[in-house]
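The values are calculated or read from the model by the stated rules, or taken from the named source; none is laboratory data. Being a predicted model, the structure only gives us computed values, none of them experimental. Positions of Cβ are generated from backbone atoms using ideal geometry, with glycine treated the same way; all protein chains shown enter the neighbour counts.
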Amino acid sequence: MNRKVLLALLLAGLSEKPAVASETNIDPIGLLKSSFVASLSGGASWQNAGKTQTLNLTPDILKTYVANNSTTTLPNGQLFLGIQRVLPKHILGQIGVEFAATENANLSGVIWDDADPQFDNYTYQYQVQHTHIVLKGKLLGDWSLPLLPWISAAMGVGFNNAQSFMSTPTIFEAVSMPNFKDQTTTAFTYAIGLGVQKQLTKNWQIGVGFEFADWGKSQLGAADGETTGQSLSLSHLYTQSVLFNLTYLA
Amino acid sequence: MKIKLLIAQVLIILMSNLAYAGTPLWTFTPLTATTLSVPSNGTAMIQYQITNQSARPHSLMMKPITGISQITFGPGVCDTLFTLQGKGSSCTLSLQVIGKQLIHSVIDGPIVCDRNSPLQCYKPSASNILTIRAGVNEYAIGGIVSGLSGSVVLQNNGADNKTVTSSGAFTFSTPVMQGKTYAVTVLTQPAGQTCTVTNGAGTVTNNVTNVNVTCVSNAATLAISVSTLALSVNDTGLNPALTGNPRIFTIRNTGSVSATNVTYSLSPALPSGTIISPASCGTMAPSSTCILTITPGNIPSAAPGDINPIPITLNISGDNTNTLTPTFNILTYGSVYQGGYVYAVNDSTSNMGSISGTVVTLTDQASRFPSGIIWGSNGAGSASADVSLDVIPGIDEFSTTGFSSPTYANAQTAFNINYANTSTYPFPPSSSFLSCDGRTDGACNSANIATLYNMYVTNYGIGSSPYNLSPGQTNVSYYAAGLCTAVISGYSGWYLPAICEMGPNSGGSGCSGSTQSIINQLPDLIGDPNAGSPSTSCVYGANCLAGYYWSSTETSSFPQNIAWVQYFDSSGGSVQNSTTKAALAGVRCSRALVP
């Protein structure tokens, strides 16, 4: 059954004319049978802190970047454009493309020279700004309840712009050093979510949802003077978001 | 492995919460004084014990300092690249200060880096930092900034920067030793300005206070209200019309920065009695204006009768602006302007522009009899036999704007009697004729004449009456008013003057005494038709007006056949008369000045 739904979703995305399902009763909420969907979401994301890592900037120079454990809250905005089809068992399927962008996530910590906590002589900070374009699918339950529950899944490509790295000595004897450079990394991004929608009029809905996402890899560029080319990186940047959406169905 | 990492991370959190004070990877323990003065011909020795505080070995190098060289031989002395093996191992960093090579004092360092990489460097603590003051006198380098608006960053010897935010004296923070050179340059210009340095380089022998930085605003743009002005002389005694009203040039700064020191010069000089003010415009803020007022005296800018008068040019500019070169002419009767001699002046126009008035051409368009031209042509030529006798409405000496004379109806009736094919080629509609002040408005009269003769070739007198009209334009060089449609002296818009524009009342023309006319206002142009050479018999000496010349005013008693002529005669016999349109008379066109 699940395969059939998935296949129907895919076919819905590919074909032009909708094939009317045999089980369509008169819909009490009055949703259109097949429609164009546009959804604008806004909300906040929480991203987990960075990861502590030890790097060799030259074969002799060893530094540990100890990440602060704080999570930060970022504004997040998304635009989804897709189509919605009626599926069997009063399930609505949406498939489309989503564009999203967030504010800068702030990551910070202290630096241990020689990877030794005795020499924590610098603090550092930098930012990661994330945008993505993903293919998103959503299934909504049209069961004559006051709200429509839904689940979603998305995957696609994200762009993580790691930037504005700076380090500050914490003792007089430590001399300022060149910074890691800005770098944008293209990464595989995916997300899953669930939430509820409320139909306001024939064409307009509002809703709220929770989404867990992995923004993928982000990495700063090597600093001047490095011979190894290593720099701060994160393989995954996990985020949780609460998003409110305004949806239009045509 | 993961558990170990977890424990390590917990410990990390705990330890960082204990506010563990950081320790330098390698420390500098001074073995000698680290603050001292060194004379310019002397040397000094400074030593630090460099001790590795880390368990890891480090290979280190000192960052070079000008004037200080590292001594690398001797027991326990650090080599250029020296390796300190584990915690506690050390060597002695021996530095020799060479006074002769010091450009300025040293107040930082020494900085020692891992294999000379900028990514891991340490220096002594604040109390042990290297502080070398040159033993000989050091002098301050400074000077004066002028004209600054905003802030400029000056640089001395390529390293010492000084930000100056207002005009006045300045001094660089780093002194330079006696005998060394200094070189002051502008590192960053202020927004919208350019600063130039003079006396910026030299050798220090004493405090330098004469570095001169002059800042001027980047170009401002000046615009002028009009490019040329014509003014009347102030000579109401000569004629009430010559009121000599002051007129203005408005200069405007259209740029985004102030224009400084906006002044002007005049070439040639003003005629005596003419005043221009203000004497200069000074500083003009963006969008501000400066109004130059010219108040004429009774002397024109060029002599009347001078055929190539030189206008007065105002050369206006500021220190940081483009140059404007408007011109102006102060005119009186007989001044040559816009292609002719001025004989009428209207000084009541707006003072933001020029006077208006009337000029007469410098030469004849047709000469007096036996040369000359007919008043109206049938299209075959310009001789008396080619005359076309037609009534042109609205242009006789009684016609006014309120009352057209001859009337359109009379003109049309005469036309229909003269010509046979008027059903195919009717008289031009009444809307195409104006009701003119026939005595004084030659431009209007000439327009009415052109209306008929531009529409038809009349063929008057060809074959038997009534004659057959042909459509099309009568050749303009065949009749008096047509000659004035040409471009003369580079100007167009000429017309055959009305009778009262040519001379005072005579023979019943009814000219008013206050009308400015060629005879009254240009006596020096009037010649003697009975002289041996009438054309050179006037005070101007050439192209004199002498004899009979056509006007554009028809004669009311017999408008079809007769029109007014002016007889110019300097020997006292200028009169106005009427004669047949077939007569050959001279033509001298007039034109209204374009203010």
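Quick look at the values:
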{"quantity": "Considering residues of segment B:47-82 that are surrounded by 16 or more Cβ atoms within 10 Å (Cβ to Cβ) and not in a strand (DSSP E or B) only, the residue farthest from the other protein chains (Cβ to nearest Cβ)", "calculated": "B:Gly67"}
{"quantity": "Scope segment B:363-394; condition closer than 30 Å to B:Leu522 by Cα and touching a Gly at 6+ places or on another chain (Cβ under 6 Å); matching residues", "calculated": "B:Asp364, B:Ala366, B:Ser367, B:Arg368, B:Gly372"}
{"quantity": "Inter-residue pairs, beta-carbon under 9 Å, first within 14 Å of chain B (Cβ to nearest Cβ) and in contact (Cβ under 8 Å) with a residue 60 or more places away in the chain and in segment A:64-88, second crowded, with 20+ Cβ neighbours inside 10 Å and not in a strand (DSSP E or B), 6+ apart", "calculated": "A:Tyr65/A:Gly50; A:Tyr65/A:Leu232"}
{"quantity": "Those residues of segment B:250-267 which are among the hydrophobic types (A, V, I, L, M, F, W, C) and either at pLDDT 95 or above or surrounded by fewer than 17 Cβ atoms within 10 Å (Cβ to Cβ) (or both), in sequence order", "calculated": "B:Leu266"}
{"quantity": "Candidates B:Gly158, B:Gly109, B:Gly147 - the one that is under 24 Å from A:Ser167 (Cα atoms), modelled with pLDDT under 90 and either within 14 Å of chain A (Cβ to nearest Cβ) or surrounded by fewer than 18 Cβ atoms within 10 Å (Cβ to Cβ) (or both)", "calculated": "B:Gly109"}
{"quantity": "Test: residue in segment B:452-470 that is surrounded by fewer than 22 Cβ atoms within 10 Å (Cβ to Cβ) and under 44 Å from the mean Cα position of the chain (by Cα)", "calculated": "yes"}
{"quantity": "Test for A:Ala105: is it within 14 Å of another protein chain (Cβ to nearest Cβ) and either crowded, with 21+ Cβ neighbours inside 10 Å or touching a residue at least 24 places away in the same chain (Cβ under 8 Å) (or both)", "calculated": "no"}
{"quantity": "Options B:Leu84, B:Leu31, B:Leu60, B:Leu36; residue that is of a type in the set (A, V, I, L, M), out of contact with any helix residue (DSSP H, G or I) (no Cβ under 7 Å at 6 or more places or on another chain) and at pLDDT below 90", "calculated": "B:Leu36"}
{"quantity": "Residue check, B:Tyr567 over 30 Å from B:Thr413 (Cβ atoms), in a strand (DSSP E or B) and within 50 Å of the chain's Cα centre (by Cα)", "calculated": "yes"}
{"quantity": "Pick from segment B:544-578, criterion surrounded by fewer than 18 Cβ atoms within 10 Å (Cβ to Cβ) and not hydrophobic (A, V, I, L, M, F, W, C), ranking: farthest from B:Ser404 (Cα to Cα)", "calculated": "B:Ser571"}
{"quantity": "Test result for A:Phe172, within 14 Å of chain B (Cβ to nearest Cβ) and in contact with a helix residue (DSSP H, G or I) (Cβ under 7 Å, 6 or more places away or on another chain)", "calculated": "yes"}
{"quantity": "Any hit, segment B:11-28, residues being in contact with a Pro (Cβ under 6 Å, 6 or more places away or on another chain) and at pLDDT below 85", "calculated": "yes"}
{"quantity": "Among residues of segment B:215-253, those that are more than 13 Å from B:Asn320 (Cα to Cα) and either part of a loop (DSSP other than H, G, I, E, B) or more than 26 Å from the chain's Cα centre (by Cα) (or both), counted", "calculated": "17"}
{"quantity": "Checklist (1) assigned to a loop (DSSP other than H, G, I, E, B); (2) touching a residue at least 24 places away in the same chain (Cβ under 8 Å); (3) within 30 Å of B:Asn421 (Cβ to Cβ) applied to B:Pro529, failing item", "calculated": "(3)"}
{"quantity": "Residue within segment B:322-333 that is touching a helix residue (DSSP H, G or I) at 6+ places or on another chain (Cβ under 9 Å) and either surrounded by fewer than 20 Cβ atoms within 10 Å (Cβ to Cβ) or not in a loop (DSSP other than H, G, I, E, B) (or both) present", "calculated": "no"}
{"quantity": "The listed residue being at pLDDT 95 or above, within 26 Å of A:Gly43 (Cα to Cα) and not in a loop (DSSP other than H, G, I, E, B), out of A:Ala187, A:Ala153", "calculated": "A:Ala153"}
{"quantity": "Search result, residues across segment A:46-55 that are assigned to a strand (DSSP E or B) and either over 14 Å from A:Ser233 (Cβ atoms) or facing chain B (nearest Cβ under 10 Å) (or both)", "calculated": "A:Trp46, A:Gln47"}
{"quantity": "Set A:Tyr122, A:Tyr126: member being of a type in the set (Phe, Trp, Tyr) and facing chain B (nearest Cβ under 9 Å)", "calculated": "A:Tyr122"}
{"quantity": "Filtered residues of segment A:60-81 (kept if closer than 24 Å to A:Asp120 by Cα and surrounded by fewer than 20 Cβ atoms within 10 Å (Cβ to Cβ))", "calculated": "A:Asp60, A:Leu62, A:Asn68, A:Asn69, A:Ser70, A:Thr71, A:Thr72"}
{"quantity": "Some residue of segment B:116-131 being away from chain A (no Cβ under 14 Å), in contact with a strand residue (DSSP E or B) (Cβ under 8 Å, 6 or more places away or on another chain) and buried (at least 21 other Cβ atoms within 10 Å of the Cβ)", "calculated": "no"}
{"quantity": "Filtered residues of segment B:83-106 (kept if surrounded by 14 or more Cβ atoms within 10 Å (Cβ to Cβ) and either within 13 Å of another protein chain (Cβ to nearest Cβ) or at positive phi (or both))", "calculated": "B:Thr83, B:Leu84"}
{"quantity": "Selected residue (criterion: surrounded by the most Cβ atoms within 10 Å (Cβ to Cβ)) from residues of segment A:193-225 that are under 29 Å from A:Ile111 (Cα atoms) and at pLDDT below 90", "calculated": "A:Gly225"}
{"quantity": "Among the residues listed as B:Leu229, B:Leu238, B:Leu242, the single one being farther than 30 Å from B:Ser149 by Cα and surrounded by fewer than 14 Cβ atoms within 10 Å (Cβ to Cβ)", "calculated": "B:Leu238"}
{"quantity": "Residue count, segment A:147-192 (criterion: surrounded by fewer than 19 Cβ atoms within 10 Å (Cβ to Cβ) and hydrophobic (A, V, I, L, M, F, W, C))", "calculated": "11"}
{"quantity": "Some residue of segment B:173-189 being within 30 Å of B:Ile251 (Cβ to Cβ) and away from chain A (no Cβ under 14 Å)", "calculated": "yes"}
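Here's the yes/no breakdown for (1) in contact with a Leu (Cβ under 8 Å, 6 or more places away or on another chain); (2) over 21 Å from A:Met177 (Cβ atoms); (3) within 14 Å of another protein chain (Cβ to nearest Cβ); (4) of a type in the set (A, V, I, L, M, F, W, C):
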position: A:Glu211; (1), (2), (3), (4): yes, yes, no, no
position: A:Gln219; (1), (2), (3), (4): yes, no, no, no
position: A:Gly225; (1), (2), (3), (4): yes, no, yes, no
position: A:Ser233; (1), (2), (3), (4): yes, no, no, no
position: A:Gln240; (1), (2), (3), (4): no, yes, no, no
position: A:Phe244; (1), (2), (3), (4): no, yes, no, yes
